[in-house]
Amino acid sequence: MKLHWLQHVPFESLGYIEDWAEDQGFSISCTRLYDEEDEFPDVDDFDWLVIMGGPMGIFDYNDYPWLTDEKEFIETALDEEKTVIGICLGAQLMADVLGAKVFPGPQKEIGWFPVTRSPEAPDLIPESLTVFHWHGDTFEIPDGAVPLAVSEAGINQGFVFENHAVALQFHMEITGDGIEDLIQECGDELDEAPYIQTAAEIKAGFPNLGTVNAAMKKLLDALL
């Protein structure tokens with residue numbers, strides 16, 4: 001089995017997904033979209049596609065012209081029924097490719113906040129789970145997809161599409177190092193707001209990492 005992943009910035013990695021994939025015997029490859037020399041592989045060359053996060057918006061074509069090609073690549077992978085997982089920005093890209101509206105959320109969510117599994121969702125995540133968020137944009141649920149979860153702020157947190165694709169607005173793959181990197185690179189976003197925690201509050205949530213990584217494992221095992 002082969003897993004390919006799309007990296008938008010050097011400081012957002014596969015996190016726990018890499019550990020899981022290696023344990024399962026996957027071979028792993030990556031397209032680093034910030035590196036002009038990297039290219040997209042042929043879709044026939046992998047079984048799983050993971051689309052990671054990043055601070056850019058999905059319509060920032062002037063600053064990130066590769067977004068157009070990336071969306072076409074994601075659409076092809078979905079059409080070919082590859083196992084596709086989109087996280088944060090990756091989830092927003094999936095929503096857009098599937099025809100749903102992506103837009104700025106009513107408020108940013110940054111830090112540890114609970115999500116609740118949607119009643120109609122498959123049992124891919126716990127009924128309630130405190131997860132790590134770092135996003136400002138959100139999306140509507142695409143036609144033909146099943147809502148996965150909602151946050152206490154009332155924001156869509158994911159969807160399942162045709163049993164082979166999952167979009168997650170939140171981060172269950174995150175590690176302590178990954179959070180430290182986000183604080184260092186994007187800490188200017190930590191304004192005072194109802195759903196934005198301070199750096200200290202975020203770090204105080206590190207004991208949640210084992211639980212969210214275990215939930216990520218459950219989801220990955222189910223897709224496998």
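For the chain, the share of DSSP beta bridges that are antiparallel, to the nearest 5, is 55%.
3J(HN,Hα) along segment 11-26, derived from phi through the Karplus expression 6.51 cos²θ - 1.76 cosθ + 1.60 where θ = phi - 60°, amounts to 8, 10, 10, 5, x, 4, 4, 5, 4, 5, 5, 5, 4, 7, x, 5 Hz, with x in place of Gly and Pro. Hey, what number do you get for the chain at 222 nm if only DSSP H runs of n ≥ 4 count, each worth -39500 (n - 2.57), divided across all residues, to the nearest 500? Value at 222 nm, helices only: -8500 deg cm²/dmol.
Here's the picture: charge each Lys and Arg Cβ at +1 and each Asp and Glu Cβ at -1 in the chain, and of ILE196, PRO104, VAL84 the one pushed furthest to the positive end of that dipole is ILE196. Largest mean-square fluctuation among GLU152, GLU36, GLU140, in a Gaussian network model of the chain whose springs join Cα atoms under 10 Å apart, belongs to GLU36. Among SER118, SER27, the order by Cβ neighbours within 10 angstrom, fewest to most, reads SER27, SER118.
Stretching the chain fully between ASP42 and GLU120 yields a gain of 24.6 nm (0.36 nm per residue, less the alpha carbon separation).
Extension gain for the segment ASP63 to GLU152, taken as residue separation times 0.36 nm less the Cα-Cα distance, is 28.8 nm to one decimal. How big is the gap, in Å, between the Cα center of segment 137-199 and the Cα center of segment 1-26? Going from one Cα centre to the other spans 18 Å. The length gained on full extension between ASP35 and GLU185, counted as 0.36 nm times the residue separation minus their Cα-Cα distance, comes to 52.2 nm. Taking the Cα centre of the chain as origin and assigning +1 to Lys and Arg Cβ atoms and -1 to Asp and Glu Cβ atoms, the resulting dipole is close to 920 debye. Label positions at HIS164 and ASP221, each projected 7 Å from the Cα along the C-beta direction, are separated by 2.4 nm.
The fewest-to-most ranking of LEU78, LEU3 by surrounding Cβ atoms within 10 Å reads LEU78, LEU3.
Using R0 = 41 Å, the C-beta based FRET efficiency linking GLU127 and GLU192 works out to 0.85.
Take the Cα of GLU80, step 7 Å toward its Cβ, do the same at ASP177, and the gap between the two points is 3.0 nm.
The alpha-carbon of LYS217 sits under 18 angstrom from the alpha-carbons of these lysines, leaving out residues fewer than 8 places away in its chain: LYS2.
Here, each number is a calculation from the coordinates, and none is a lab measurement. In this text the structure is predicted, and so the values were computed from the model without any measurement. Methodologically, a virtual Cβ is constructed for each residue, glycine included, from the backbone with ideal geometry; neighbour enumeration extends over all protein chains shown.
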